[in-house]
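Just below is one structure, and these are the notes that go with it.
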Amino acid sequence: MWRYDDTRAAMRDALRLSRAMTYKSAVAGLPLGGGKGVIMLPGPVDARRRKAALRDFGDTVDELNGKYVTAEDVGTSAKDMETIAQQTKHVTGLSRRRGGSGDPSPWTALGVDAAIRASLERKLGSGDPKGRTVVVSGMGHVGAALAKLLARAGAELVVTDIDRSKKQLADQLGARWVTPARALTLSADVFAPCALGGVLDHESVPALQVPIVAGAANNQLADDPVADLLAERGILWAPDFVANAGGIINISVELARGGYDPDRARRKVEGVGDTMREVYDLAQSEGDTPFSAALALAHRRVDEAH
């Protein structure tokens with residue numbers, strides 16, 4: 001759920017996000033396809049109109065009769081999923097008391113943490129974040145959960161968000177607060193984009209001063225050739241649709257036979273690190289970028305599924 005300048009921008013976003021979701025499920029080896037629903041908000045929306053939009057979306061999901069299952073994402077919450085569930089049973093991420101797996105954000109963060117560790121190991125020789133400087137850009141549900149994991153592991157945190165109220169959490173974590181623009185140019189070990197997509201482009205990448213980019217944001221590349229620019233600069237980029245798969249992996253456990261098992265979900269989500277290592281190994285053996293290697297792996301698994 002987001003505000004867009006026009007319907008074309010919303011459609012482009014939906015197509016980019018659905019493509020990433022397809023790749024995400026495929027690389028993670030999940031028995032799921034890829035799709036994304038986008039709700040375009042028409043300017044200021046009060047609580048009543050927001051609920052009405054969510055119910056309309058629920059009706060649309062229900063008409064697809066299980067071909068599409070929705071879940072919490074940017075701009076929505078677990079409470080919003082309960083509103084959608086009034087219109088359709090094809091919704092995941094409901095509270096545990098309602099038989100769901102709850103907010104998927106912590107699981108996405110756990111997977112990104114595993115991806116960061118795999119990237120540190122590959123680029124800097126050790127996967128331990130302790131003493132490493134990590135810049136977390138975007139302190140929403142996932143970014144905040146990731147920052148907490150990294151702080152607990154002993155990382156030196158620098159954080160930012162367009163919402164200055166998030167500085168309170170930064171203070172609690174002992175993190176340094178900077179502006180979003182400054183976050184892109186800081187010298188650090190890892191830059192973790194956890195806000196909206198398109199942050200990596202032909203202007204921002206030359207300004208980066210990090211050996212690793214690994215974060216939770218979808219569609220981090222403004223366009224595919226930016227992956228080559230990152231490689232030319234010697235920056236190891238963890239493909240976003242590999243790193244941020246924790247949420248959908250957790251949902252896959254919720255949808256599996258036998259009901260939801262959080263211990264099984266944790267084991268599967270922590271496997272994101274192994275998947276990232278597989279991608280890096282493939283890229284090295286083929287003399288290619290991690291992005292191309294991850295795409296090849298996704299296409300191969302889609303073909304195998306067919």
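A few notes on this one:
- Residue within region 184-198 that is part of a helix (DSSP H, G or I) and not small (Gly, Ala, Ser) present: no
- From Val112, Val74, Val61, residue being closer than 24 Å to Ala214 by Cβ, β-branched (Val, Ile, Thr), touching a residue at least 24 places away in the same chain (Cβ under 8 Å) and outside the structural domain of Gly127 (by TED's automatic domain parsing): Val74
- Complete set of residues in region 239-279 that are in contact with a Ser or Thr (Cβ under 6 Å, 6 or more places away or on another chain) and assigned to a loop (DSSP other than H, G, I, E, B): Asn244, Tyr260
- Selected residue (criterion: surrounded by the fewest Cβ atoms within 10 Å (Cβ to Cβ)) from residues of region 80-99 that are of a type in the set (Ser, Thr, Tyr) and either touching a residue at least 24 places away in the same chain (Cβ under 8 Å) or touching a strand residue (DSSP E or B) at 6+ places or on another chain (Cβ under 8 Å) (or both): Thr83
- Verdict on Ile249 being within 21 Å of Glu203 (Cβ to Cβ) and surrounded by 16 or more Cβ atoms within 10 Å (Cβ to Cβ): no
- Test: residue in region 19-31 that is at pLDDT below 90 and either out of contact with any helix residue (DSSP H, G or I) (no Cβ under 8 Å at 6 or more places or on another chain) or within 16 Å of Thr83 (Cβ to Cβ) (or both): yes
- Helices (runs of 4 or more DSSP H) lying entirely in region 44-158 (those with 3 or more residues that are under 21 Å from Ser187 (Cβ atoms) and among the small types (Gly, Ala, Ser)): 141-152
The values are calculated or read from the model by the stated rules, or taken from the named source; none is laboratory data. Worth saying up front: this structure is predicted, and the values here are computed from it rather than measured. Note that we place each Cβ from the backbone using ideal geometry, even for glycine, and neighbour counts take in every protein chain shown.
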